[in-house]
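Shown next, in C-alpha coordinates, is the structure this report addresses.
The values are calculated or read from the model by the stated rules, or taken from the named source; none is laboratory data. Please read all numbers here as calculations on a predicted model, not as lab measurements. Please note: Cβ atoms are built from the backbone with ideal geometry, for glycine as well, and neighbour counts cover all protein chains shown. We work out accessible area using only protein heavy atoms, side chains counted, and drop any ligands, DNA or RNA first. Shrake-Rupley method; radii C 1.70, N 1.55, O 1.52, S 1.80 Å.
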Amino acid sequence: MAKHARSERIQNEAATNNEQPLPKKSHRVLKIVLLSLAVVLLAAGAYGLHLYTQAKSALDKTYSSVDKAAEAKTAKVVAATEPFSVLLLGTDTGDEGRTEVNGNSDTIIVATVNPKKKQTTLVSIPRDTMAEIIGTSSFDFEKINAANNIGGAKMALNSVSKLLNVPLTNYVSINMGGLKKIVEAVGGVEVDVPFSFSSNGSTFTKGKMKLDGKQALDYARMRYEDPQGDYGRQKRQRQIITAILKSAASTGTLANFTKLMDAISDNLTTNFTTDQMITIFKNYRSSATNVTSDHLQGISAYAGDAAVQVPTTAELQRVSDIIRTELELEKETISNSTTKENEYNKQQNGFIFDNPTEVQDYYVYPLQSTTN
(Lines give C-alpha, C1' and ligand atoms only; values in the text may rest on other atoms or scores of the structure.)
Protein backbone atom coordinates (compact mmCIF):
# COMPACT_ATOMS: atom_id res chain seq x y z
CA MET A 1 0.00 0.00 0.00
CA ALA A 2 1.40 3.43 -0.92
CA LYS A 3 2.34 5.50 2.09
CA HIS A 4 0.13 8.44 1.13
CA ALA A 5 -2.83 6.09 0.69
CA ARG A 6 -2.15 4.58 4.08
CA SER A 7 -1.89 8.05 5.58
CA GLU A 8 -5.30 8.95 4.21
CA ARG A 9 -6.74 5.71 5.56
CA ILE A 10 -5.27 6.12 9.02
CA GLN A 11 -6.42 9.74 9.18
CA ASN A 12 -9.95 8.50 8.56
CA GLU A 13 -9.54 5.81 11.23
CA ALA A 14 -7.95 8.30 13.58
CA ALA A 15 -11.09 10.38 13.36
CA THR A 16 -13.11 7.37 14.50
CA ASN A 17 -10.63 6.70 17.29
CA ASN A 18 -10.67 10.26 18.60
CA GLU A 19 -10.39 10.09 22.37
CA GLN A 20 -11.95 12.86 24.44
CA PRO A 21 -11.98 13.28 28.23
CA LEU A 22 -14.91 11.63 29.93
CA PRO A 23 -17.35 13.85 31.81
CA LYS A 24 -16.31 14.63 35.37
CA LYS A 25 -18.30 13.34 38.34
CA SER A 26 -20.42 10.92 36.34
CA HIS A 27 -21.98 9.30 39.38
CA ARG A 28 -23.80 6.66 37.37
CA VAL A 29 -20.69 5.20 35.77
CA LEU A 30 -19.57 3.43 38.93
CA LYS A 31 -22.53 1.13 38.48
CA ILE A 32 -20.68 -0.52 35.60
CA VAL A 33 -18.13 -1.73 38.12
CA LEU A 34 -20.81 -2.91 40.53
CA LEU A 35 -23.38 -4.28 38.08
CA SER A 36 -23.64 -7.51 39.98
CA LEU A 37 -23.77 -5.66 43.30
CA ALA A 38 -26.72 -3.67 42.06
CA VAL A 39 -28.48 -6.93 41.30
CA VAL A 40 -27.93 -7.99 44.91
CA LEU A 41 -29.45 -4.71 46.10
CA LEU A 42 -32.34 -5.12 43.68
CA ALA A 43 -33.07 -8.60 44.98
CA ALA A 44 -32.86 -7.65 48.63
CA GLY A 45 -34.78 -4.39 48.36
CA ALA A 46 -37.45 -5.14 45.80
CA TYR A 47 -38.13 -8.85 46.13
CA GLY A 48 -37.18 -9.90 49.63
CA LEU A 49 -35.23 -12.84 50.97
CA HIS A 50 -36.49 -15.45 48.50
CA LEU A 51 -35.29 -13.59 45.43
CA TYR A 52 -32.14 -12.43 47.22
CA THR A 53 -31.30 -16.11 47.59
CA GLN A 54 -32.00 -16.61 43.90
CA ALA A 55 -29.77 -13.65 43.06
CA LYS A 56 -26.96 -15.00 45.24
CA SER A 57 -27.23 -18.34 43.49
CA ALA A 58 -26.98 -16.63 40.08
CA LEU A 59 -24.06 -14.44 41.18
CA ASP A 60 -22.22 -17.45 42.54
CA LYS A 61 -22.26 -18.84 38.99
CA THR A 62 -20.45 -15.75 37.69
CA TYR A 63 -17.38 -16.46 39.81
CA SER A 64 -14.30 -17.50 37.84
CA SER A 65 -10.92 -17.39 39.58
CA VAL A 66 -7.70 -16.57 37.73
CA ASP A 67 -5.15 -16.47 40.57
CA LYS A 68 -6.19 -17.72 44.01
CA ALA A 69 -3.14 -16.35 45.82
CA ALA A 70 -3.46 -12.85 44.37
CA GLU A 71 -7.23 -12.84 44.93
CA ALA A 72 -6.70 -13.74 48.59
CA LYS A 73 -4.61 -10.56 48.98
CA THR A 74 -7.36 -8.48 47.39
CA ALA A 75 -9.90 -10.07 49.71
CA LYS A 76 -7.88 -8.77 52.67
CA VAL A 77 -7.74 -5.30 51.10
CA VAL A 78 -11.53 -5.25 50.63
CA ALA A 79 -12.11 -6.55 54.16
CA ALA A 80 -9.92 -3.73 55.50
CA THR A 81 -11.72 -1.15 53.33
CA GLU A 82 -8.51 -0.13 51.55
CA PRO A 83 -8.35 1.31 47.99
CA PHE A 84 -8.45 -1.23 45.16
CA SER A 85 -8.60 -1.37 41.37
CA VAL A 86 -10.71 -3.61 39.15
CA LEU A 87 -10.44 -4.22 35.40
CA LEU A 88 -13.70 -3.90 33.46
CA LEU A 89 -13.89 -5.86 30.20
CA GLY A 90 -16.57 -5.78 27.50
CA THR A 91 -16.03 -8.64 25.03
CA ASP A 92 -17.23 -9.12 21.44
CA THR A 93 -18.59 -12.66 21.92
CA GLY A 94 -21.94 -14.30 22.57
CA ASP A 95 -23.91 -13.01 19.56
CA GLU A 96 -23.84 -12.54 15.78
CA GLY A 97 -22.36 -16.00 15.33
CA ARG A 98 -19.33 -15.26 17.52
CA THR A 99 -18.63 -18.28 19.68
CA GLU A 100 -15.04 -17.68 20.81
CA VAL A 101 -14.40 -18.71 24.39
CA ASN A 102 -12.88 -15.36 25.36
CA GLY A 103 -13.05 -12.83 22.50
CA ASN A 104 -11.35 -9.48 22.12
CA SER A 105 -12.01 -6.98 24.90
CA ASP A 106 -13.25 -3.96 22.99
CA THR A 107 -14.01 -2.11 26.22
CA ILE A 108 -11.16 -1.85 28.75
CA ILE A 109 -11.51 0.34 31.85
CA VAL A 110 -9.42 0.44 35.03
CA ALA A 111 -11.68 1.50 37.90
CA THR A 112 -9.97 2.51 41.15
CA VAL A 113 -12.07 2.93 44.29
CA ASN A 114 -10.67 4.95 47.20
CA PRO A 115 -13.06 4.87 50.18
CA LYS A 116 -10.93 7.26 52.23
CA LYS A 117 -11.29 9.98 49.61
CA LYS A 118 -14.81 8.76 48.81
CA GLN A 119 -13.75 8.81 45.18
CA THR A 120 -13.71 6.48 42.19
CA THR A 121 -11.39 7.04 39.23
CA LEU A 122 -12.09 5.48 35.83
CA VAL A 123 -9.39 5.26 33.16
CA SER A 124 -10.28 3.98 29.69
CA ILE A 125 -7.64 2.12 27.67
CA PRO A 126 -8.23 2.30 23.89
CA ARG A 127 -8.58 -1.21 22.50
CA ASP A 128 -5.96 -0.53 19.80
CA THR A 129 -3.25 0.48 22.29
CA MET A 130 0.09 -1.18 21.52
CA ALA A 131 1.34 -3.25 24.45
CA GLU A 132 3.10 -6.46 25.39
CA ILE A 133 0.73 -9.38 25.85
CA ILE A 134 1.91 -10.85 29.14
CA GLY A 135 1.90 -14.63 29.59
CA THR A 136 2.56 -15.84 26.04
CA SER A 137 5.34 -18.34 25.33
CA SER A 138 7.34 -15.78 23.32
CA PHE A 139 7.46 -11.99 23.02
CA ASP A 140 4.13 -10.74 21.68
CA PHE A 141 3.60 -7.00 21.15
CA GLU A 142 0.28 -6.00 19.60
CA LYS A 143 -3.11 -4.39 20.28
CA ILE A 144 -3.99 -4.83 23.93
CA ASN A 145 -7.54 -5.99 23.22
CA ALA A 146 -6.06 -9.28 21.97
CA ALA A 147 -4.90 -10.25 25.47
CA ASN A 148 -8.32 -11.42 26.59
CA ASN A 149 -8.80 -13.42 23.38
CA ILE A 150 -5.44 -15.16 23.72
CA GLY A 151 -5.40 -15.88 27.44
CA GLY A 152 -8.65 -14.77 29.01
CA ALA A 153 -9.10 -12.42 31.95
CA LYS A 154 -5.81 -13.42 33.57
CA MET A 155 -3.80 -12.36 30.52
CA ALA A 156 -5.83 -9.16 30.18
CA LEU A 157 -5.21 -8.33 33.85
CA ASN A 158 -1.48 -8.98 33.60
CA SER A 159 -1.09 -7.09 30.32
CA VAL A 160 -2.90 -3.94 31.50
CA SER A 161 -1.10 -4.14 34.84
CA LYS A 162 2.29 -4.25 33.09
CA LEU A 163 1.37 -1.49 30.64
CA LEU A 164 0.42 0.95 33.42
CA ASN A 165 2.60 -0.39 36.27
CA VAL A 166 -0.36 -0.77 38.60
CA PRO A 167 -1.50 -3.84 40.57
CA LEU A 168 -4.56 -5.49 39.03
CA THR A 169 -6.04 -8.68 40.44
CA ASN A 170 -9.81 -8.53 39.93
CA TYR A 171 -12.00 -8.17 36.88
CA VAL A 172 -15.62 -7.98 35.77
CA SER A 173 -16.37 -9.14 32.20
CA ILE A 174 -19.61 -9.15 30.20
CA ASN A 175 -20.11 -10.24 26.59
CA MET A 176 -22.32 -8.67 23.93
CA GLY A 177 -24.69 -11.64 23.97
CA GLY A 178 -25.23 -11.01 27.64
CA LEU A 179 -25.99 -7.37 26.98
CA LYS A 180 -28.72 -8.33 24.53
CA LYS A 181 -30.28 -10.95 26.82
CA ILE A 182 -30.22 -8.73 29.88
CA VAL A 183 -32.01 -5.93 28.00
CA GLU A 184 -34.65 -8.41 26.89
CA ALA A 185 -34.99 -9.72 30.44
CA VAL A 186 -35.80 -6.28 31.84
CA GLY A 187 -38.30 -5.52 29.09
CA GLY A 188 -36.20 -3.04 27.12
CA VAL A 189 -34.30 0.11 28.06
CA GLU A 190 -34.76 3.83 27.53
CA VAL A 191 -31.83 5.92 26.27
CA ASP A 192 -31.24 9.45 25.03
CA VAL A 193 -29.82 8.97 21.51
CA PRO A 194 -27.14 11.67 20.89
CA PHE A 195 -27.61 11.76 17.10
CA SER A 196 -29.59 9.92 14.41
CA PHE A 197 -27.98 6.90 12.73
CA SER A 198 -28.63 3.39 11.43
CA SER A 199 -26.63 0.27 12.26
CA ASN A 200 -27.06 -3.42 11.45
CA GLY A 201 -30.70 -2.98 10.44
CA SER A 202 -31.63 -0.83 13.44
CA THR A 203 -32.51 2.87 13.08
CA PHE A 204 -32.01 5.39 15.86
CA THR A 205 -33.46 8.89 16.02
CA LYS A 206 -31.94 11.64 18.12
CA GLY A 207 -33.79 11.98 21.41
CA LYS A 208 -35.42 9.55 23.83
CA MET A 209 -35.98 6.00 22.58
CA LYS A 210 -36.91 2.67 24.11
CA LEU A 211 -34.74 -0.16 22.77
CA ASP A 212 -35.25 -3.92 22.69
CA GLY A 213 -32.36 -6.37 23.05
CA LYS A 214 -31.18 -6.32 19.43
CA GLN A 215 -31.49 -2.56 19.18
CA ALA A 216 -29.55 -2.10 22.40
CA LEU A 217 -26.73 -4.28 21.10
CA ASP A 218 -26.62 -2.44 17.76
CA TYR A 219 -26.67 0.87 19.61
CA ALA A 220 -23.81 -0.14 21.88
CA ARG A 221 -21.62 -1.57 19.10
CA MET A 222 -21.79 1.09 16.38
CA ARG A 223 -18.45 2.78 15.91
CA TYR A 224 -17.69 4.23 12.49
CA GLU A 225 -20.56 6.71 12.24
CA ASP A 226 -19.82 8.19 15.65
CA PRO A 227 -17.79 11.43 15.37
CA GLN A 228 -16.07 10.42 18.62
CA GLY A 229 -15.24 6.91 17.41
CA ASP A 230 -14.41 4.40 20.13
CA TYR A 231 -14.92 6.98 22.85
CA GLY A 232 -18.45 7.64 21.62
CA ARG A 233 -19.13 3.93 21.53
CA GLN A 234 -17.92 3.48 25.09
CA LYS A 235 -20.21 6.28 26.24
CA ARG A 236 -23.17 4.55 24.58
CA GLN A 237 -22.23 1.25 26.22
CA ARG A 238 -22.23 2.89 29.63
CA GLN A 239 -25.54 4.52 28.77
CA ILE A 240 -27.06 1.11 28.01
CA ILE A 241 -25.80 -0.42 31.26
CA THR A 242 -27.16 2.49 33.28
CA ALA A 243 -30.52 2.08 31.54
CA ILE A 244 -30.48 -1.66 32.30
CA LEU A 245 -30.15 -0.94 36.00
CA LYS A 246 -33.00 1.57 35.92
CA SER A 247 -35.25 -0.90 34.09
CA ALA A 248 -34.28 -3.75 36.41
CA ALA A 249 -35.16 -1.66 39.44
CA SER A 250 -38.69 -1.14 38.10
CA THR A 251 -39.24 -4.75 37.01
CA GLY A 252 -42.18 -6.08 38.98
CA THR A 253 -42.60 -9.69 37.96
CA LEU A 254 -40.91 -12.85 39.09
CA ALA A 255 -40.70 -14.04 35.48
CA ASN A 256 -38.62 -11.05 34.40
CA PHE A 257 -36.44 -11.32 37.48
CA THR A 258 -35.73 -14.98 36.75
CA LYS A 259 -34.80 -14.13 33.14
CA LEU A 260 -32.50 -11.38 34.39
CA MET A 261 -30.73 -13.73 36.79
CA ASP A 262 -30.32 -16.35 34.06
CA ALA A 263 -28.87 -13.78 31.65
CA ILE A 264 -26.35 -12.53 34.20
CA SER A 265 -25.26 -15.97 35.35
CA ASP A 266 -24.64 -17.07 31.74
CA ASN A 267 -22.88 -13.98 30.40
CA LEU A 268 -21.10 -12.12 33.21
CA THR A 269 -17.93 -13.38 34.88
CA THR A 270 -15.86 -12.00 37.74
CA ASN A 271 -13.36 -13.22 40.32
CA PHE A 272 -15.10 -11.32 43.10
CA THR A 273 -17.06 -13.73 45.26
CA THR A 274 -20.66 -12.87 46.07
CA ASP A 275 -19.74 -12.18 49.68
CA GLN A 276 -16.96 -9.81 48.54
CA MET A 277 -19.38 -7.99 46.29
CA ILE A 278 -21.80 -7.50 49.14
CA THR A 279 -18.96 -6.21 51.34
CA ILE A 280 -17.88 -3.80 48.62
CA PHE A 281 -21.40 -2.49 48.25
CA LYS A 282 -21.77 -1.94 51.99
CA ASN A 283 -18.36 -0.36 52.61
CA TYR A 284 -17.45 1.39 49.35
CA ARG A 285 -20.69 2.82 47.97
CA SER A 286 -19.92 6.31 49.33
CA SER A 287 -17.10 6.41 46.77
CA ALA A 288 -19.77 6.79 44.08
CA THR A 289 -20.43 10.35 45.25
CA ASN A 290 -17.32 11.56 43.41
CA VAL A 291 -16.41 9.79 40.17
CA THR A 292 -13.70 11.23 37.93
CA SER A 293 -12.78 9.86 34.54
CA ASP A 294 -9.76 9.90 32.28
CA HIS A 295 -8.28 7.96 29.38
CA LEU A 296 -4.94 6.85 27.99
CA GLN A 297 -4.33 9.06 24.94
CA GLY A 298 -2.60 7.48 21.96
CA ILE A 299 -1.02 8.64 18.70
CA SER A 300 -2.61 7.16 15.58
CA ALA A 301 -0.09 5.12 13.58
CA TYR A 302 0.39 1.96 11.55
CA ALA A 303 2.09 -1.21 12.76
CA GLY A 304 2.37 -3.13 9.52
CA ASP A 305 -1.09 -2.88 8.00
CA ALA A 306 -2.85 -2.49 11.37
CA ALA A 307 -4.14 0.88 12.55
CA VAL A 308 -2.99 1.28 16.15
CA GLN A 309 -2.79 3.72 19.02
CA VAL A 310 0.67 4.44 20.48
CA PRO A 311 0.75 6.01 23.95
CA THR A 312 3.78 8.18 24.59
CA THR A 313 6.00 7.28 27.51
CA ALA A 314 5.01 10.55 29.19
CA GLU A 315 1.33 9.67 28.81
CA LEU A 316 1.87 6.22 30.29
CA GLN A 317 3.64 7.84 33.22
CA ARG A 318 0.80 10.33 33.72
CA VAL A 319 -1.86 7.62 33.83
CA SER A 320 0.25 5.35 36.01
CA ASP A 321 0.77 8.20 38.50
CA ILE A 322 -2.98 8.89 38.66
CA ILE A 323 -3.91 5.30 39.45
CA ARG A 324 -1.04 4.68 41.86
CA THR A 325 -1.91 7.86 43.73
CA GLU A 326 -5.52 6.72 44.12
CA LEU A 327 -4.25 3.36 45.37
CA GLU A 328 -2.07 5.25 47.87
CA LEU A 329 1.09 3.79 46.34
CA GLU A 330 4.36 5.58 45.66
CA LYS A 331 4.83 6.79 42.09
CA GLU A 332 7.39 4.80 40.08
CA THR A 333 9.18 5.57 36.84
CA ILE A 334 7.44 3.43 34.25
CA SER A 335 9.56 1.00 32.23
CA ASN A 336 8.06 -1.74 30.08
CA SER A 337 8.02 -3.02 26.52
CA THR A 338 5.95 -0.08 25.27
CA THR A 339 8.41 2.48 26.67
CA LYS A 340 11.29 0.48 25.16
CA GLU A 341 9.58 0.17 21.76
CA ASN A 342 8.90 3.91 21.90
CA GLU A 343 12.59 4.62 22.47
CA TYR A 344 13.65 2.32 19.61
CA ASN A 345 11.12 3.94 17.30
CA LYS A 346 12.38 7.39 18.24
CA GLN A 347 16.05 6.55 17.80
CA GLN A 348 16.01 4.11 14.89
CA ASN A 349 12.78 4.94 13.09
CA GLY A 350 12.65 8.69 13.62
CA PHE A 351 9.13 8.42 15.03
CA ILE A 352 7.87 11.81 16.19
CA PHE A 353 5.95 11.70 19.48
CA ASP A 354 5.51 15.44 20.03
CA ASN A 355 2.72 16.85 17.87
CA PRO A 356 3.27 14.75 14.72
CA THR A 357 1.98 16.39 11.54
CA GLU A 358 1.58 13.21 9.50
CA VAL A 359 0.74 9.57 9.99
CA GLN A 360 3.79 7.44 10.79
CA ASP A 361 4.82 3.80 10.75
CA TYR A 362 5.49 2.27 14.15
CA TYR A 363 7.84 -0.71 14.07
CA VAL A 364 7.85 -3.59 16.54
CA TYR A 365 11.41 -4.49 17.46
CA PRO A 366 12.16 -8.04 18.71
CA LEU A 367 12.66 -7.26 22.37
CA GLN A 368 13.01 -9.78 25.16
CA SER A 369 9.85 -10.04 27.22
CA THR A 370 9.81 -7.64 30.17
CA THR A 371 8.54 -10.50 32.32
CA ASN A 372 11.81 -12.40 32.02
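Give me the net charge of SER198's neighbourhood, meaning all other residues with Cβ under 11 Å from the Cβ of SER198; Lys, Arg count +1, Asp, Glu -1.
Net local charge, SER198 excluded: -2.
By accessible area of protein heavy atoms, probe 1.4 Å, what ranking do ARG233, ARG285 get, highest first?
ARG285, ARG233
At a Cα cut-off below 15 Å, give the aspartates and glutamates reachable from LYS116, other chains included and same-chain residues fewer than 8 away excluded.
GLU82, GLU326, GLU328
Calculate the radius of gyration of the Cα atoms of the range 104-228 to one decimal place, then report Dmax, the largest Cα-Cα distance, as a whole number, both in Å.
Calculated on Cα positions, Rg and Dmax stand at 17.3, 50 Å.
What FRET efficiency do you get for GLN347 and ALA79 if R0 is 41 Å and r is their Cβ-Cβ distance, rounded to the nearest 0.05?
For R0 = 41 Å, the calculated efficiency reads 0.30.
Any chance you could tell me what percent of the C-alpha pair distances in the range 303-369 go past 15 Å?
Counting every Cα pair in the range 303-369, those more than 15 Å apart make up 59 percent.
Can you give me the pair-distance distribution of the range 284-341, C-alpha pairs, 10 Å bins, whole percents?
Binned Cα distances yield the sequence 19, 40, 26, 13, 2.
Carbon and sulfur atoms: what percent of the 1.4 Å accessible area of the range 281-372 do they account for?
47
Using Cα-Cα distances under 8 Å and only pairs 6 or more residues apart, what relative contact order does the range 116-173 have, in percent?
25
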